[in-house]
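K.L.:
What follows is a structure written as structure tokens; I'll ask about it next.
The values are calculated or read from the model by the stated rules, or taken from the named source; none is laboratory data. In this text the structure is predicted, and so the values were computed from the model without any measurement. No Cβ is skipped: glycine too gets one built from the backbone with ideal geometry, and neighbour counts run over all protein chains shown.
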Amino acid sequence: MHLATAEKGVELIDYIQFARKGKIEPRISAPKDFYDETAEFTLKNPRLRVNGATQNSTAFPDTVQGTMFWIYVPGHGRYVLTFSPHPELGLERVGELTGNHMIVAFGGNLYRVDCRDRIAAGSGVYNVYGFRDANWKPPDPKNGGTFMMGTSPSLATSLGR
């Protein structure tokens with residue numbers, strides 16, 4: 001949870017964990033940025049939950065992989081996600097990922113992607129940056145009622161710039 005930002009850009013952040021009853025494994029470190037601009041997401045058999053509700057998906061490849069990817073959620077729009085901040089493109093920190101789970105928040109909604117395998121290289125907790133395009137619709141109207149995922153050749157292309 002972002003609490004404050006000082007004049008020199010120093011942020012005060014608090015991390016709160018919510019979990020089921022039982023043993024909770026404490027987080028060892030705070031999320032960090034990937035230092036490699038070419039770091040890729042690898043989503044194998046992704047499943048999406050919005051505010052805890054499982055979403056039906058269109059048929060897409062077993063693995064979605066790229067330095068950025070997008071998720072379309074009916075009634076919510078499309079979300080473009082990457083490991084790099086890119087403030088010049090208007091991206092902001094929207095969540096984090098660890099292992100085979102990624103959680104992002106937009107507009108008061110919580111989106112959780114669970115995959116069969118690790119989403120990113122390494123064993124850390126990584127920041128995820130994103131942008132919401134509320135007006136984006138799938139090219140094929142029959143796909144408008146299910147969630148979709150994909151990649152684009154570049155972040156600027158995904159943002160329509």
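K.L.:
Any residue in the range 61-88 that is in a loop (DSSP other than H, G, I, E, B) sitting within a Cβ distance under 7 Å of a residue that is at pLDDT below 85 and among the aliphatic types (A, V, I, L, M)? List the pairs, counting only those 6 or more apart or interchain.
P.N.:
67/39; 83/39; 86/155
K.L.:
Any residue in the range 112-125 that is closer than 13 Å to residue 78 by Cβ, in a strand (DSSP E or B) and at pLDDT 90 or above? Give the derivation first.
P.N.:
Initial filter on the range 112-125 (closer than 13 Å to residue 78 by Cβ): none.
No, the conditions are met nowhere in the range 112-125.
K.L.:
Still on this structure, please answer the following. If you go through the range 46-61, how many residues are surrounded by 13 or more Cβ atoms within 10 Å (Cβ to Cβ) and either modelled with pLDDT under 90 or not hydrophobic (A, V, I, L, M, F, W, C) (or both)?
P.N.:
Going through the range 46-61 one residue at a time, the tally reaches 7.
K.L.:
Kindly establish whether residue 145 is in a strand (DSSP E or B) and either of a type outside the set (A, V, I, L, M, F, W, C) or without any contact (Cβ under 8 Å) to a residue 60 or more places away in the chain (or both).
P.N.:
no
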